[in-house]
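Down below is the structure, laid out as structure tokens.
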Amino acid sequence: MIWPSRVRDRYHCISLGFALTTRLPPMSTDPKESLRASVRAAQESYEADIEATREARREAFAKAQEEGLSHSEIAAEVGLHKSRVGQIIEGK
């Protein structure tokens, strides 16, 4: 039997394991959902940047200590207490 190409293609796609569809996924019913997603993405980016900045500061403090600066000297440069400098170097 000779099948019309449209029908043959549909059955060929199904036999290969995927369906032939022309329907789009339904749109979100909440008009503010894209705004919420944007805010969540901005917050995640901000938090990732904070973590990277904290790690860079910790590494800089640790290197300064290894090169000979005391906690008091580092603290005086950045305006922190020397005990906080120690905590930062330890990763707390």
Could you tell me how many of the residues in region 60-76 are acidic (Asp, Glu) and surrounded by 12 or more Cβ atoms within 10 Å (Cβ to Cβ)? 1
Name the pairs: first residue in region 37-55 and at negative phi, second residue surrounded by 10 or more Cβ atoms within 10 Å (Cβ to Cβ), Cβ to Cβ under 9 Å, at least 6 apart or on different chains? 54/88
Looking only at region 39-92, how many residues end up being under 31 Å from the mean Cα position of the chain (by Cα), assigned to a loop (DSSP other than H, G, I, E, B) and of a type outside the set (Gly, Ala, Ser)? 2
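The numbers here are math on the coordinates, done by the rules we state, and not lab data. Please read these numbers as outputs of a predicted model, since none were measured by experiment. Cβ: placed from backbone, ideal geometry, glycine included. Neighbour counts: every protein chain shown.
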